[in-house]
Amino acid sequence: MSLVYAGVLSHAPGITGRADLVKNTAERDALYAAFDRQRQDIEASGAEALIVIAAEHFANFFMNNMPAFCLGMSDRYEGPIEDPGWLKIPRTTVPGNAALSLRLVKETMQTVDVAYAEEWKFDHGIMVPLHFLTPRFDLPVIPVNINCQGPPLAPLHRVWAFGEALRRACDAQPERIALVGTGGISHWPATPDSGKINVAWDRAFLDRLLAQDRDALLAYDDVATYREAGQGGFEIRTYIAAAAAARGPGELEFYTAELPIFAVGCTVAHFTVAS
Amino acid sequence: MSLYQLQKFLYVLNREPQAQARYRENSDDLIADYDLTDEEADALRNGDIGLLYVLGVNGQILMHYAAFLGIAWFDYLELMRQGIARHGPVRAGVYTLTGGGESFTPEERERPQ
């Protein structure tokens with residue numbers, strides 16, 4: 001088995017960019033500590049590469065040519081595309097592994113149609129997780145995108161199949177690979193409603209996710225998600241794909257809705273990587 | 001209305017340093033490359049976040065554009081509210097306002113005016 005770690009975590013530009021505006025600094029620091037424990041777990045797994053299943057925000061893909069699923073296939077990536085002063089993450093080069101990406105793409109393609117990209121500019125959706133999980137930017141990253149922005153979006157049963165395909169692809173490789181899904185649960189980002197969070201919806205979703213309740217997860221539909229969890233709720237796709245890849249139950253390490261300035265309920269969790 | 005073209009303009013601007021340089025030097029030159037209505041072109045020429053929000057620009061694209069313009073976070077939120085007050089509800093897309101425009105962030109509510 002070459003998948004050695006699977007987890008999920010939140011991303012949001014405010015997590016780094018608005019850190020100095022936070023009044024509830026104790027909760028902010030608790031979140032950062034949870035991120036750091038996840039970093040330590042990934043390092044302890046001996047991972048030689050990190051797959052980041054992200055929900056990018058028009059850094060690379062637009063409605064002129066929008067893939068449902070895409071893997072990066074380069075030896076280096078750049079980020080962030082945003083103003084570094086705004087995100088408070090310096091612009092840097094992130095190592096990739098094109099040869100490993102190629103093998104993952106070819107294996108994933110056995111069951112799911114995926115696009116690949118030999119150029120990829122990271123936005124906050126990947127840079128914020130990496131800022132905490134690989135702060136020295138020294139672990140090769142395989143970026144993966146699920147379109148969560150430009151409807152029509154992939155149905156959730158296809159997202160599940162994509163996660164399963166990624167897992168099969170990882171297991172066919174000799175490298176030790178870690179995988180994280182990163183997205184929001186309920187949130188209304190980049191609107192005047194920024195900071196609105198549906199805690200009950202988040203908790204119910206996390207319960208189903210961590211219990212590997214596939215049927216319940218695939219029963220979510222975008223109309224209800226949009227109504228109850230906002231357009232940011234479409235990003236549950238990244239978490240669902242991570243669960244499908246892990247196969248085992250999960251454990252919630254951190255959740256808070258007490259940092260609305262970050263525009264999302266902040267989550268850290270990991271799964272048992274089951275055979 | 002040409003929301004696709006409007007968002008394409010901002011998508012390119014947000015990610016390409018060459019487009020950013022052209023925009024800063026002469027925004028009309030870059031705007032002329034796109035098939036935009038007068039209202040859309042004016043919104044881009046003026047960096048009118050409120051009108052762009054009402055026109056239906058995806059919030060993720062708009063947020064990155066506001067950062068490029070150097071607009072602080074809480075000012076960005078307020079500009080969108082002012083856009084709705086001035087131009088009416090969001091006309092397209094999924095980044096709509098769900099409530100009455102109240103702030104969900106204590107740090108915003110308590111900031112010095």
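Of all alpha-carbon pairs in the stretch A:79-118, indicate the percentage at a distance above 15 angstrom. Write down the numbers at each step before the final one.
Values: 445 of 780 pairs.
Tail fraction, whole percent: 57.
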field: Debye intensity ratio I(q)/I(0), log10, the stretch A:3-273, q values 0.11 Å⁻¹ (C-alpha model)
entry: -0.53
- request: Pairs of Cα atoms under 8 Å, at least six residues apart: use those to get the relative contact order of chain B, whole percent.
  value: 25
message: Give the lysines whose C-alpha is closer than 19 Å to that of A:Lys23, dropping any in the same chain fewer than 8 places away, or say none.
response: A:Lys88, A:Lys196
- request: Compute the Rg/Rh shape ratio of the stretch A:1-141: radius of gyration over Kirkwood radius, all on alpha-carbon atoms.
  value: 0.97
- prompt: What FRET efficiency comes out for the pair B:Glu25/A:Arg76, r = Cβ-Cβ distance, R0 = 25 Å, nearest 0.05?
  reply: 0.25
Kirkwood Rh, Cα atoms: Rg over Rh of the stretch A:175-275: 0.97
query: Tell me, in nm to one decimal, what length is gained between A:Arg176 and A:Glu228 on full extension, where the rule is 0.36 nm per residue of separation less the Cα-Cα distance?
result: 14.9 nm
- request: Name the residues whose placed amide hydrogens come within less than 5 Å of the amide hydrogen of B:Thr105, ignoring near sequence neighbours (fewer than 5 apart) on the same chain.
  value: none
- prompt: Using alpha-carbon positions, what is the distance between the centroids of the stretch A:1-79 and the stretch A:116-177, in Å?
  reply: 9
- request: Hey, for a label at A:Asn65 modelled as a point 7 Å past Cα toward Cβ, could you say which residues of the stretch A:97-118 have their backbone N under 13 Å away?
  value: A:115-118
message: Sequence gap at least 6, Cα distance under 8 Å: using those rules, report the relative contact order of the stretch A:3-273 to the nearest whole percent.
response: 31
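Let's test the formula: R0 of 35 Å, r as the Cβ-Cβ distance of A:Ala115 and B:Arg45. What FRET efficiency results, to the nearest 0.05? Working shown, then result.
Working: r = 35 Å, r/R0 = 1.00.
The formula returns an efficiency of 0.50 here.
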message: 5 Å is the cut-off here: which amide hydrogens, built 1.01 Å from N in the peptide plane, fall below it relative to A:Ala49, excluding neighbours closer than 5 in sequence?
response: A:Ala178
statement: Taking every other residue with Cβ under 9 Å from the Cβ of A:His270 and scoring Lys and Arg +1, Asp and Glu -1, one gets -3
statement: With Cα springs under 10 Å, the Gaussian network model of chain A assigns the largest mean-square fluctuation among A:Pro192, A:Pro95, A:Pro84 to A:Pro192
Counted charge near A:Trp160, where neighbours are those whose Cβ lies closer than 12 Å (Asp, Glu -1; Lys, Arg +1): +2
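Read-outs throughout are calculated quantities, based only on the coordinates presented, and are distinct from any laboratory measurement. In this text, all values refer to a predicted model and were calculated from it rather than measured experimentally. When we count neighbours, we look across all protein chains shown, and the Cβ atoms used for this are built from the backbone with ideal geometry, even at glycine.
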